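K.L.:
Got a structure here, written out as structure tokens. Questions coming.
The values are calculated or read from the model by the stated rules, or taken from the named source; none is laboratory data. Remember, it's a predicted structure, so these values are computed and weren't measured experimentally. Neighbour counts are summed over all protein chains in view; Cβ atoms, including those assigned to glycine, are modelled from backbone coordinates with ideal geometry.
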Amino acid sequence: MGAAAKHDDGESADAVLLAAAAAGDERAFADLVRRYERRFYAVARRMLGDDGEAEDAVQTALLQIHRHAPAYRPQWSGSTWLYRILTNVCIDLWRKRRRRDGLADAPELRAAGPRDAERIDVDRALAKLPAEARAILLLCYVEELSYREVARVRGVTVNTVKTQLARAKRALRRHLSEVNR
């Protein structure tokens, strides 16, 4: 079975679970949570740069998914709908933090255990990206979504995804080269 077939199977399973959750099936929702909780945390942690905020974002996203499951339509990709909710929650939290703290840049990241300097440099570089660019970069490279899927998740065009991705990669390279001088 090829990668595309596996992806399609996962998509159809997501759609079935979402439809069941929309009908009030708590087991289906619990299956969705098990299926996405770790992936959501990884994306939220990278977007927000903080373990506690990432946990809050995942819980908020899961609550919104539960609450808004009846709004899901089977013609939409299940994962696209789920990631859209998560990334919107993360971007909202990031913006609130910036307003609250009055910071132009994201705060320094706390180390979440033993990590090497290269990983910390990448996390710091990610933290300096605008939230939308960070979301697109992570969805493309961490979650390995196609440009079309990322465009649907974020509600933008494929060209916007490509532009944001190119800008994000340039900014990451620039930051990493400054750190290594």
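K.L.:
For residue 53, are the conditions met, namely being at pLDDT 90 or above and over 23 Å from residue 146 (Cα atoms)?
P.N.:
Answer is yes for this residue.
K.L.:
While we're on this one: If you scan the range 90-119, which residues turn out to be at pLDDT 85 or above and within 14 Å of residue 50 (Cβ to Cβ)?
P.N.:
Residues satisfying the conditions are 90, 93.
K.L.:
Here is a further query. All but one of (1) assigned to a helix (DSSP H, G or I); (2) without any contact (Cβ under 8 Å) to a residue 60 or more places away in the chain; (3) out of contact with any Cys (no Cβ under 7 Å at 6 or more places or on another chain) hold for residue 43; state the number of the condition that does not hold.
P.N.:
That leaves (2) as the condition not met.
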